[in-house]
Every structure is written in C-alpha cells, then in structure tokens.
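Contents: one structure, followed by commentary.
The values are calculated or read from the model by the stated rules, or taken from the named source; none is laboratory data. What you are looking at is a predicted structure, and each value in this text was computed from that prediction instead of being measured. Here Cβ is always computed from backbone atoms with ideal geometry, including for glycine, and neighbour counts include all displayed protein chains. Protein only, heavy atoms only, side chains kept; ligands, DNA and RNA dropped before computing areas. Shrake-Rupley method; radii C 1.70, N 1.55, O 1.52, S 1.80 Å.
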Amino acid sequence: MLIFCVLFIVYTILTITKKTNISKFGKIIIWFILFLGCFGFIVKSIISTIVT
C-alpha cells in the first residue's frame with residue numbers, strides 16, 4: 001500500500017510538471033522536497049521500530 005501511495009504521488013507530480021511551465025530549477029525543488037518527505041517517513045518508521 002505504501003508503494004502505491006508513493007507511486008501515485010510521483011505520477012501526480014509528473015503530470016503537474018508536464019502540464020505547467022515550471023522551470024528546470026522549480027522541478028528540481030519539487031523532486032527534492034518529495035525525496036525529503038519520503039526519506040523522513042522511512043527514517044521515522046525505522047526509528048519507531050528500533051525504539052519499540
């Protein structure tokens with residue numbers, strides 16, 4: 001289910017960036033923020049598993 005959610009978010013961002021005139025820098029920022037969000041979620045899951 002988690003993989004489906006991540007793939008849906010990636011698909012949504014790809015669709016939005018293709019339909020709008022976002023600069024290359026804007027696309028880099030969008031993907032960087034997406035990566036940070038996913039990375040933070042994974043780290044939180046690992047830490048909560050270790051603590052419990």
Checklist entry - Of the residues that sit in the range 34-52 and are open to solvent by 100 Å² or more (accessible area, probe 1.4 Å) and under 29 Å from Ile16 (Cα atoms), which one is nearest to the chain's Cα centre (by Cα)? => result Phe35
Item to check | Checklist (1) open to solvent by 80 Å² or more (accessible area, probe 1.4 Å); (2) over 9 Å from the mean Cα position of the chain (by Cα) applied to Ile22, failing item | outcome: (1)
Checklist outcome for this item: Reported set for the range 7-19 where residues are in contact (Cβ under 8 Å) with a residue 24 or more places away in the chain and open to solvent by less than 50 Å² (accessible area, probe 1.4 Å) is Val10
